Amino acid sequence: MSKRLFVSVDLDGLAEEVAAVQDLFADASGLSLTDPEQAHVTLKFLGDTDAERVDDLVRELEVAVADSGVEPFEAEFGGLGVFPSLEYISVVWLGTRAGGDELTALHEAIEERTVAMGFEPEDHEFTPHATLARMQHAGGKELVQDVVQNRDPDVGTLRVDEVRLTESVLTGEGPDYSTVEAIPL
């Protein structure tokens, strides 16, 4: 049996602030908002993983976190961006104002250990972000472009003291996330 897994830093306690930023996009047709209660920074998407590998994976993540040298830190979230570009928007995201270096160090250490285990390497440069919405069609593209270019919201600060191995179960209402293991910094 396999589980759909990723490694994340969750934006616990910031759901209201994330929802307030998402409200800026409320009138954009074609935009599917993520659940603000599940907002997170993905450090590594692992995909379908054999359940028998989870214990080994947790051990490797513990080593990676130790190797990263990252101690608990404050991460400040704010600002907006899109992937891949303002001309062709597939994802609207919330950025980091502080803590990005630590998130990147964690990502790099986790990437090294998980690739050594046989997981697929990332095919793009890591940008610490939390996904706010996905663009299903370009109906609301101009509104999204306007908000991203002209608004610079502050969401808040969070003390990051763990990374989580998270399972994603796809449902008709969108993905449902549950923590498999929390690895302290």
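The values are calculated or read from the model by the stated rules, or taken from the named source; none is laboratory data. All values derive from a computational prediction rather than experimental measurement. Backbone-built Cβ (ideal geometry, glycine too); neighbour counts: all protein chains shown.
Checking each residue in the range 132-145 for being surrounded by fewer than 18 Cβ atoms within 10 Å (Cβ to Cβ) and more than 20 Å from Ala19 (Cβ to Cβ) picks out His137, Ala138, Gly139, Glu142, Gln145.
Confirm whether Arg113 is within 25 Å of Glu181 (Cα to Cα), surrounded by 15 or more Cβ atoms within 10 Å (Cβ to Cβ) and among the charged types (D, E, K, R). Yes; evaluated as a whole, the condition is true for this residue. Quick one: is Val21 among the β-branched types (Val, Ile, Thr) and touching a His at 6+ places or on another chain (Cβ under 7 Å)? In short, no. Here the range 74-93 is the region considered, the condition is being touching a Gly at 6+ places or on another chain (Cβ under 7 Å) and surrounded by fewer than 19 Cβ atoms within 10 Å (Cβ to Cβ), and the residue that is farthest from Val147 (Cα to Cα) is Glu74. Does Phe119 count as within 15 Å of the chain's Cα centre (by Cα) and either surrounded by 17 or more Cβ atoms within 10 Å (Cβ to Cβ) or not hydroxyl-bearing (Ser, Thr, Tyr) (or both)? Against the criterion (within 15 Å of the chain's Cα centre (by Cα) and either surrounded by 17 or more Cβ atoms within 10 Å (Cβ to Cβ) or not hydroxyl-bearing (Ser, Thr, Tyr) (or both)), Phe119 does not qualify.
State whether one or more residues within the range 119-127 are assigned to a helix (DSSP H, G or I) and at pLDDT 95 or above. Among the residues of the range 119-127, not one is assigned to a helix (DSSP H, G or I) and at pLDDT 95 or above, which makes the answer no. For the range 50-63, the set of residues classified as closer than 15 Å to Leu185 by Cβ and either under 17 Å from the mean Cα position of the chain (by Cα) or surrounded by 17 or more Cβ atoms within 10 Å (Cβ to Cβ) (or both) consists of Leu61 only.
Taking the range 132-164 only, how many residues are touching a Gly at 6+ places or on another chain (Cβ under 7 Å) and at positive phi? So the answer is 0. You will find that of Ala105, Ala98, Ala66, the residue that is more than 30 Å from Gln149 (Cα to Cα) and either within 15 Å of the chain's Cα centre (by Cα) or of a type in the set (Gly, Ala, Ser) (or both) is Ala66 and no other. Would you check if Val169 is closer than 21 Å to Ile110 by Cα, assigned to a strand (DSSP E or B) and in contact (Cβ under 8 Å) with a residue 24 or more places away in the chain? Spelling it out, it is not the case that Val169 is closer than 21 Å to Ile110 by Cα, assigned to a strand (DSSP E or B) and in contact (Cβ under 8 Å) with a residue 24 or more places away in the chain.
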